[in-house]
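See structure below.
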């Protein structure tokens, strides 16, 4: 499990890590870490001389990434879909991916609110006689 009171050399990361989250978010972060752990353990065992140290470092980076994504307002579905909480990403790559996800979300919300869509023409209604003809042909 990832410990929330881990120590890091960089003070900016400490500020993000020490931020208190609701219990539900802490639970979701720890469950997501448990989903990623087998894949990351195999990756560390193949590519690093000390896999335990790599996994510990990735645990802290995973929580940091998840907290940053939640702070910007990204939902967990987006974080999972685009793997924004993958601790193997570099900081620059992660920040660019988060910015892209925020831009996609804003444009999508614009579509939902009708600000970007062209104005729709109302559908023409059938007259009573056309409706009666349609009903008669359907019953026949």
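Once you place label points 7 Å from the Cα toward the Cβ at residue 35 and residue 105, how far apart are they in nm?
1.6
List the equivalent ellipsoid semi-axes of the stretch 22-114 in whole Å, largest first, each obtained as the square root of 5λ for an eigenvalue λ of the Cα gyration tensor.
Semi-axes from the Cα gyration tensor: 28, 14, 10 Å.
Run the quick spin-label model on residue 134 and residue 27: label points 7 Å from Cα toward the beta carbon, then report their separation in nm to one decimal.
With each label placed 7 Å out from Cα toward Cβ, I get 4.9 nm.
Sorted by average packing, counted as other Cβ atoms within 10 angstrom per residue and highest first, what order do 69-82, 36-49 take?
69-82, 36-49
Any read-out appearing in this document is the output of simple, stated calculations on the displayed coordinates, not a laboratory observation. Keep in mind that this is a model prediction, so the values were computed, not measured. Every residue, glycine among them, receives a Cβ derived from its backbone with ideal geometry; neighbour counts consider all protein chains shown.
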